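Throughout, read-outs are computed from the coordinates displayed, never taken from laboratory work. In this text, all values refer to a predicted model and were calculated from it rather than measured experimentally. Cβ placement follows ideal geometry from the backbone for every residue including glycine, while neighbour counts extend to all protein chains displayed.
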Amino acid sequence: MKITYLHVTLESYNDYVNRFGSNRLDKWFKILPPPSKSFILNNYNDYILEAFEGIETDYKLTKEEDNYLIIFKCKSGFEYRFDIINEPGTKIYDLAFSDSSNDTNNNTDYEKLTGRNESIELLSRLFWILKDITDICFVKDNTIFYFESKLNLNLDSEKSKATDDKITGITEYLIQENKENDVFSGLITCWWEKEEGMSITTKTNLLFMKDFLEILDIKTTKEEYYNLMSDFGKMI
């Protein structure tokens, strides 16, 4: 398999290389800064920020017994489904993806390729959705810790308020349902610590990785942390 190169914004490219010492995302993918001329891929004109953040997407999440269904649309208007299917009697889940009109019980239709030439945008939207529904929550020393993870801390006013409101709502629920525990919540970011010139718009608690690792009683340094992340990126 050949290496695939993804163009990203110059800011994202420089941030990634400075942090991890390489432009490699995994074994088969590398990032590149923007080309000199307008870059068009699969009729999607924006540079591929989805390599880092994904594209914010409206979606519908439903649950039936232990199975989950996510429905969302691409810019073209085509609608897709992502199924998270539980193996009965286990904690194992199968992942499946197709056009929203297809049925998981009909393998022929479900596995049929669409040929719509929007795979980059589609996977970016799915990546954003999965991050949106997957947060960090654990209990330590009678305290419930809840965090939503964000790489981009410079959110516009609407996104910043939506993020703060979501965290506030979940925090209030945790306090109400767990009166015997303290609750600490906020945003967590992969950055080691606040750096000069970093723009932060959220009003909720913000934990950098240095703070988070201290909660977990993990002792390391900034250099060791970024070296570990760089080595991990090369391994995958």
Calculate, in nm to one decimal, what Asn67 and Ile92 gain on full extension: separation in residues at 0.36 nm each, minus their alpha carbon distance. 7.9 nm
Arrange Val8, Val183, Val17 by Cβ neighbour counts within 10 Å, fewest through most, would you? Val17, Val183, Val8
What does the range 136-235 give for Rg and for Dmax, in Å, if only its C-alpha atoms count? 15.0, 44
Tell me which residues come under 5 Å, amide H to amide H, from Phe29 once H is placed; ignore anything under 5 positions away on its chain. Thr4
